[in-house]
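Below: one structure, written as structure tokens.
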Amino acid sequence: MGLETCSSALVCIGVKPATCEPQSLSRQEGKHSDQSLVFADLTPEEMVQVVRYLQHSLGVPLVDASQANPSDNCIYYVDVQLPTKAEALGFLDRGGRRPPRQALAVVYFGNQPDPNVTEYVVGPLPKPTTHQDITVQKYGGKLPYHRRPVLGKEYEQIAGYLRRTAFPTALTFLNRVFDYDGTNLAALTSAPRGFQSGDRNTWFALFHNVSGYFLHPVGLEVLVDHSSLNVSQWQVRKVFYNGQYYEDLVQLESEFQQGRVKVDPVTRAPPDGGFSSMQPRAPPRAPFPLQYEPHGPRYSVRNNQVVSWVWSFAFGVNVNTGICLFDIRFKGERIVYEISVQDAMSVYGSNCPGGMSTRYMDGSFGIGRFTYPLVQGVDCPYSAMYVDTHYLARSPNPRINKNSVCIFEQNSGSLLRHHYSNLQSLYYGGLTNSALVIRSIATLGNYDYVWDFIFYQNRAIEAKVQATGYLSSSFLYGDGLDYGNRVGDRTLGTVHTHSVNYKVDFDVGGRSLGGVSLSLSLSLLCLSLTTCYRQDGILHYSKNLQPFVDLVSPPY
């Protein structure tokens, strides 16, 4: 499976060089401190308290978001509301009071005359007593209801609408062309949901419902208008099949029965997906090499803090944007206040409407929410330390992702320095290039992001993202090869661009000496079936005959 890799190295200047002398964990300069809890994620108990408080304090009925209709009120998500940097540093550096513990709650108000999305700061925790509406302060006005991210229940209702209302109007076409039985087609969403304010229209592309269905498009796409809060008023606004647009499925059915639809038969994929199956093609020949720590780990993890003999930092996982790091110190000196992922965006090209209109912004689906368990020996070394994460989104109940963050030290396989002296004096000097890594992997539908933050002995920090999984594809017809590569008889791996945004708030030399805050945006332009990676600032391409990667919103 190919990998897209994109990384940015943040070299920290003005800090004393690290010693080359080996040190055990007991001699580390950094020590754990409960002060790191000022950045800690909400506990499940805190999440429950926030939900109970809102249920009793907002004065309106709140429906379980997993069962909420568009016309209901519900809690979209609850996450920690971090203190301002000034508040945090006053506590960390100047002995000030600990900032109050607070939560951010996002609520959908669909059951009122003026539906909208409202954000509240709720606190203090663990037993909240107040809530403040910060929506206007944060966004400059109310948030229109049509902008809300789609809930899982809404996706289920769209699937039900297609199956029970829309598809029955074209059963002859569906049965003869796709051998449709009511279960063997899967719909995949696109985004955004329109091209002007107020739109809530989504193109859904149809695929064979098999393992790895992302690689098995059938050529049929439907545009669903789900803007009404009354599900019974949803409509199909446009239909696309094999290069031709139709007003709706009724027209497609009529023209098909009159013999005016050009049909390109697609062989039904086997249940395991065939070439899209993740089953190994051959038995393993021998075990993979394993990492070994002869004296145990040279770092430790307590609460939300990682400490090694030179590095220390606090970490958390935001439900929308994923992993974030705070108060990063080298040998006790803070050099970065925050490094965090802000969003990952992908822009597609295709000659099919779903593909050509897609611009995914994965923060809107929840990068942190889809940070799933890591497999020992595959996703991270066996010797890594694993941490559970919790989140509350689209449900009133906290959920846990077991072992979804790992921390480990790795030998890079290269030397940090080397010299073998054979002139005058004879000696050897060398240093292994080891690094401390914190990793999480977020799976958004077909796409898997491997997020790494890497801390080197030479005072460098690297933010790195790799992408793998399955590609998102379009049906291959006409001039499709102008928009990507053929990955199957009728499957087009579409051209696309990735942009990943990080927030980096430097405190090199202290804030009084000109600490800098900036945002980094890293981009990759990739053709499917082409492995793309950055090295020395240059974008490289290499052909790969295995299914490559692409990004798509989570299927429901």
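The values are calculated or read from the model by the stated rules, or taken from the named source; none is laboratory data. It should be emphasised that the depicted structure is a prediction, and the values quoted were computed from it without experimental measurement. With ideal geometry, Cβ positions are generated from the backbone for all residues, glycine too; neighbour counts draw on all protein chains shown. These area figures cover heavy atoms from the full protein model, side chains too; ligands, DNA and RNA do not enter into them. Shrake-Rupley method; radii C 1.70, N 1.55, O 1.52, S 1.80 Å.
Brief remarks follow.
- Some residue of segment 198-207 being over 28 Å from residue 112 (Cβ atoms) and of a type in the set (Gly, Ala, Ser): yes
- Criterion violated by residue 340 - all others in (1) surrounded by 14 or more Cβ atoms within 10 Å (Cβ to Cβ); (2) within 28 Å of residue 204 (Cα to Cα); (3) polar (S, T, N, Q) satisfied: (2)
- Whichever residue in segment 271-309 is assigned to a strand (DSSP E or B) and not small (Gly, Ala, Ser) and, among such residues, is surrounded by the fewest Cβ atoms within 10 Å (Cβ to Cβ): 302
- Test: residue in segment 41-48 that is over 27 Å from the mean Cα position of the chain (by Cα) and either modelled with pLDDT of 60 or more or in a loop (DSSP other than H, G, I, E, B) (or both): no
- Residues that are in contact (Cβ under 8 Å) with a residue 12 or more places away in the chain and assigned to a loop (DSSP other than H, G, I, E, B) within segment 253-270 comprise 261, 262, 263, 264, 265, 266, 267, 268, 269, 270, listed in sequence order.
- Criterion violated by residue 508 - all others in (1) more than 14 Å from the chain's Cα centre (by Cα); (2) in contact (Cβ under 8 Å) with a residue 12 or more places away in the chain; (3) on the phi > 0 side of the Ramachandran plot satisfied: (3)
- Complete set of residues in segment 349-368 that are surrounded by 24 or more Cβ atoms within 10 Å (Cβ to Cβ) and of a type outside the set (S, T, N, Q): 352, 354, 355, 360, 362, 367, 368
- Among the residues here, residue 500 qualifies as assigned to a strand (DSSP E or B), touching an Asp or Glu at 6+ places or on another chain (Cβ under 8 Å), crowded, with 16+ Cβ neighbours inside 10 Å and modelled with pLDDT under 95.
- Among residues of segment 136-149 that are in contact (Cβ under 8 Å) with a residue 12 or more places away in the chain, those with a Cβ under 9 angstrom from a residue that is part of a helix (DSSP H, G or I) and small (Gly, Ala, Ser), sequence gap 6+ or separate chain, pair up as 149/364.
- Subset tally (residues that are of a type in the set (A, V, I, L, M), in contact with a strand residue (DSSP E or B) (Cβ under 9 Å, 6 or more places away or on another chain) and over 25 Å from residue 178 (Cβ atoms)) for segment 253-303: 1
- Apart from one condition, residue 159 fits all of (1) within 30 Å of residue 258 (Cα to Cα); (2) over 25 Å from the mean Cα position of the chain (by Cα); the exception is (2).
- Subset of segment 448-461 [touching a Phe, Trp or Tyr at 6+ places or on another chain (Cβ under 7 Å) and part of a strand (DSSP E or B)]: 455, 461
- Residue 327 meets the stated requirement of being in contact (Cβ under 8 Å) with a residue 40 or more places away in the chain, in a strand (DSSP E or B) and within 26 Å of residue 510 (Cα to Cα).
- Number of the exception - residue 467 against (1) within 19 Å of the chain's Cα centre (by Cα); (2) modelled with pLDDT of 95 or more: (2)
- Filter pass, residue 403 being open to solvent by 10 Å² or more (accessible area, probe 1.4 Å) and more than 25 Å from residue 464 (Cβ to Cβ): no
- Considering residues of segment 147-167 that are open to solvent by 60 Å² or more (accessible area, probe 1.4 Å) and not basic (Lys, Arg) only, the residue farthest from residue 108 (Cα to Cα): 165
- Any hit, segment 71-78, residues being of a type in the set (Asp, Glu), part of a strand (DSSP E or B), open to solvent by 10 Å² or more (accessible area, probe 1.4 Å) and within 14 Å of residue 107 (Cβ to Cβ): no
- Segment 168-195: number of residues that are farther than 20 Å from residue 207 by Cα and open to solvent by less than 30 Å² (accessible area, probe 1.4 Å): 1
- Given (1) touching a Gly at 6+ places or on another chain (Cβ under 7 Å); (2) free of Cβ contacts under 8 Å to residues at least 24 places away in the same chain, number of the condition residue 341 does not satisfy: (2)
- Some residue of segment 57-70 being open to solvent by less than 60 Å² (accessible area, probe 1.4 Å), among the acidic types (Asp, Glu) and out of contact with any Ser or Thr (no Cβ under 9 Å at 6 or more places or on another chain): no
- The single condition among (1) over 24 Å from residue 469 (Cα atoms); (2) assigned to a strand (DSSP E or B); (3) not acidic (Asp, Glu) that residue 438 does not meet is (1).
- Candidates are the residues of segment 197-232 that are among the acidic types (Asp, Glu) and farther than 16 Å from residue 472 by Cβ; the one that is surrounded by the fewest Cβ atoms within 10 Å (Cβ to Cβ) is 199.
- Tabulated pairs, segment 275-301, first within 30 Å of residue 215 (Cβ to Cβ), second open to solvent by less than 70 Å² (accessible area, probe 1.4 Å) and of a type in the set (S, T, N, Q), C-beta under 7 angstrom, 6+ apart or interchain: 276/211; 277/211
- Segment 320-337 - residue that is open to solvent by 10 Å² or more (accessible area, probe 1.4 Å) and under 19 Å from the mean Cα position of the chain (by Cα) and, of those, farthest from residue 460 (Cα to Cα): 320
- Failed item in (1) over 22 Å from residue 214 (Cα atoms); (2) surrounded by fewer than 20 Cβ atoms within 10 Å (Cβ to Cβ), with residue 391 passing the rest: (2)
- Just one of the listed residues (312, 346, 414) is assigned to a strand (DSSP E or B) and surrounded by fewer than 17 Cβ atoms within 10 Å (Cβ to Cβ), and it is 414.
- Residues of segment 36-56 that are charged (D, E, K, R) and open to solvent by 40 Å² or more (accessible area, probe 1.4 Å): 41, 45, 52.
- Entry remark, segment 100-125: residues being over 25 Å from the mean Cα position of the chain (by Cα) and either loosely packed, with under 14 Cβ neighbours inside 10 Å or outside any loop (DSSP other than H, G, I, E, B) (or both) number 9 in total.
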